[in-house]
Amino acid sequence: MADNPSALILTRVRLGAGGPLARVRVAAGRITHVVPEPDAGSGVEVGGGRQLDLDGRVLLPGLWDAHVHLAEWASARHRLDLAGTGSARAVADLVRERAGAADGSVLYGYGFRDGLWADAPHKALLDAVVPDRPVALVSADLHAAWLNSACLALVGRGDHPTGLIREHEAHEVLSALPAAPVEVVDGWIEEACRAAAARGVSGVIDFQFGDTVGDWERRSAGFRPAVRVSAAVYPSYLDAAIKRGLRTGDPVGADGGLVRVGPLKLFTDGSLNTRTALCRDPYPGLEGTDGAHGIEETAPDELVRLMRHAAAHGIEPAVHAIGDRANTVALDAFEAVRCRGRIEHAQLLSPQDLPRFAQLGVTAGVQPRHATDDRDVADRHWAGRTERAFPYGDLLAAGARLEFGSDAPVSPLDPWLAIASAVSRTDDERPAWHPEQRLSVPDALVAAARGRRLIRVGDPADLVVVDADPLGADPETLRAMPVHATMTNGRWSHGPY
């Protein structure tokens with residue numbers, strides 16, 4: 001084979017966790033040869049190209065974050081960080097410290113979790129510390145917003161009794177607030193994509209609210225993202241996508257196929273932290289109230305109608321379902337429509353629903369970091385049911401396909417945090433939470449790579465090179481995994497090359 005100056009041969013690289021030394025040739029965005037290293041000097045043809053000695057480092061399939069809100073994540077990196085605050089008062093104190101002068105601009109914060117607080121978020125708390133500048137604080141799960149009176153007046157909700165707004169109303173309020181200029185947000189997103197590549201990410205599914213496909217068509221004309229992007233479609237944009245003939249997996253934009261049409265995002269319920277996930281059993285303390293079992297975001301008949309309409313035109317559904325009742329509704333809809341697709345989160349499952357994922361061919365898009373972040377909230381609000389909460393081991397044993405994500409900014413966009421949480425079921429000094437649901441390192445790596453277990457000839461050259469072997473790594477090493485380099489579509493997207 002003639003030398004190809006654009007081809008690259010990776011030498012002395014270990015094939016996968018615990019794998020043997022090999023040479024891997026990449027050309028035109030594909031893996032063209034995989035040859036065990038002892039055979040490389042024995043007449044086995046690997047083709048021409050520039051050689052790069054990786055000195056025994058581990059080569060893995062490129063990792064994916066299969067559930068992100070990229071604009072939210074990119075923006076959150078520039079907002080007041082509320083993670084770790086233990087009370088509404090603590091949040092108000094932090095806001096007071098960071099508020100600065102009342103210049104009319106909105107002070108944005110992100111990351112509060114009120115599910116275990118002894119005191120309740122209220123506009124009066126914020127008014128007392130920042131009376132004149134609008135303040136908008138977004139909960140860690142993106143399902144609630146906490147506003148002061150100045151901000152409520154700004155969006156025409158001055159008569160709201162508490163300033164704590166949940167679910168659809170929260171999304172409406174946040175959408176009505178002044179946004180950073182498009183070019184600023186796009187710059188933040190480009191930066192966030194590079195940061196993702198630095199953690200070994202070669203692709204994401206972007207579930208950002210809005211016209212995600214149209215936004216990515218615009219961005220791709222301005223910059224080449226460091227990761228592949230599968231851009232979700234929301235119901236209000238579904239008919240427009242169908243009219244254009246767009247199908248899940250179709251390339252869009254001007255970046256050579258890095259941006260593609262993703263799934264249709266639908267909702268069955270809310271979230272655990274807001275006690276709006278739809279459950280069979282009531283939430284403790286809410287018995288007898290209208291919201292005792294959570295909320296139904298989309299009626300089952302409407303869910304089936306939307307899924308059938310999308311699937312008939314080649315757009316696969318991704319259905320948000322957190323509570324056990326919501327997951328049954330979602331699986332029933334997939335059974336009625338008989339289409340490919342995903343259930344996002346699958347946090348609380350009825351035992352009889354576990355085998356249905358494999359039977360129906362439905363992917364479980366899960367976020368293992370949520371299991372460790374929300375273990376205390378689950379113990380309180382799903383008391384007596386947590387043996388079937390975040391049941392990754394049971395799903396895998398039942399034959400389900402798992403794909404890991406972060407739900408960033410709910411959790412950081414870092415697949416190694418998901419891998420470590422899935423393997424250890426703890427992220428602090430406490431023992432594993434429901435250790436029976438732990439995954440092995442190889443299984444966690446597969447779920448983090450969207451099902452890719454091996455590095456095979458013909459596969460896209462989406463690869464990550466790491467300095468430590470995940471197979472022998474402890475949880476701390478997994479979380480902080482040193483990523484040497486990342487390749488997306490045959491090009492280095494991170495590293496010294």
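Before moving on, here are some points about what is shown:
- Pair-distance profile P(r), taking every C-alpha pair of segment 33-147, with 5 angstrom steps and integer %: 2, 9, 16, 16, 10, 6, 4, 4, 5, 6, 6, 6, 5, 3, 1, 0
- Accessible surface area normalised per residue over segment 373-497 is 37 Å², counting heavy atoms of protein chains with a 1.4 Å rolling probe.
- Low-density loop cleavage sites - GluC sites (Glu not before Pro) in segment 404-497, where at most 16 other Cβ are within 10 Å (DSSP): Glu429
- Taken over the chain, the ratio of Cα radius of gyration to 2.2 N^0.38 Å equals 1.00.
- When exposed loop sites are taken as trypsin sites (Lys or Arg not before Pro) in a DSSP loop with at most 13 other Cβ atoms within 10 Å, the longest stretch of the chain clear of them is 1-243.
- Antiparallel %, DSSP beta bridges [both residues in the chain], to 5: 45 percent
- Mean residue ellipticity (222 nm) of the chain, computed from DSSP H runs ≥ 4 via -39,500 (n - 2.57), nearest 500: -8500 deg cm²/dmol
- Segment 328-406: antiparallel DSSP beta bridges as a percent of all, rounded to 5: 10 percent
- Less than 5 angstrom separates the built amide H of His494 from those of Thr486, all sequence-distant by 5 or more or on a different chain.
- Given charges at Cβ of Lys, Arg, Asp, Glu: the chain dipole, positive-most of Leu478, Phe112, His143: Leu478
- Summarising the overall dimensions of segment 378-456 from its C-alpha atoms, the Rg and Dmax are 13.1, 46 angstrom.
- Here's the picture: charge each Lys and Arg Cβ at +1 and each Asp and Glu Cβ at -1 in the chain, and of Gly86, Leu54, Pro161 the one pushed furthest to the positive end of that dipole is Leu54.
- Neighbourhood charge, 15 Å Cβ-Cβ cut-off, centred on Ser350 and excluding it, Lys, Arg +1 and Asp, Glu -1: -3
- Selection from Thr276, Leu396, Ala330, by position along the positive dipole direction of the chain (Cβ): Leu396
- Accessible-area composition of segment 109-257, carbon plus sulfur, in percent [1.4 Å probe]: 54 percent
- Charge sum, other residues only, whose C-beta stays under 13 Å from Asp141's C-beta, Lys/Arg counted +1 and Asp/Glu -1: -4
- Accessible surface calculations at 1.4 Å, restricted to protein heavy atoms, place segment 175-328 at 38 Å² per residue.
- Of the accessible area of segment 272-401, computed with a 1.4 Å probe over protein heavy atoms only, carbon and sulfur atoms account for 47 percent.
- Derived scalar couplings between HN and Hα for segment 252-262 equal 9, x, 10, 10, x, x, 5, 9, 9, 5, x Hz in order, rounded to whole Hz, by the Karplus curve 6.51 cos²θ - 1.76 cosθ + 1.60 (θ = phi - 60°), x for Gly and Pro.
- Simple point charges give the picture: +1 on the Cβ of Lys and Arg, -1 on the Cβ of Asp and Glu, and for the chain a dipole about the Cα centre of about 1260 debye.
- Where both bridge residues fall in segment 226-364, DSSP classifies roughly 5% of the beta bridges as antiparallel.
- Inter-probe distance in nm under a simple model that places probes 7 Å from Cα toward Cβ, at Ala102 and Ser175: 3.1 nm
- Descending semi-axes in whole angstrom, ellipsoid equivalent of segment 97-237, from the Cα gyration tensor: 31, 16, 16
- Cβ charges +1 (Lys, Arg) and -1 (Asp, Glu), total dipole of segment 242-381, debye: 700 debye
- Accessible surface, segment 115-161, averaged per residue in Å² (probe 1.4 Å): 36 Å²
- Radius of gyration over Kirkwood radius for segment 131-170, both on Cα atoms: the Rg/Rh ratio is 0.95.
The values are calculated or read from the model by the stated rules, or taken from the named source; none is laboratory data. Keep in mind the model is a prediction, meaning the values are calculated, not measured. Don't worry about glycine lacking a Cβ; one is built from the backbone with ideal geometry, like all the others, and counts go over all protein chains shown. These area figures cover heavy atoms from the full protein model, side chains too; ligands, DNA and RNA do not enter into them. Shrake-Rupley method; radii C 1.70, N 1.55, O 1.52, S 1.80 Å.
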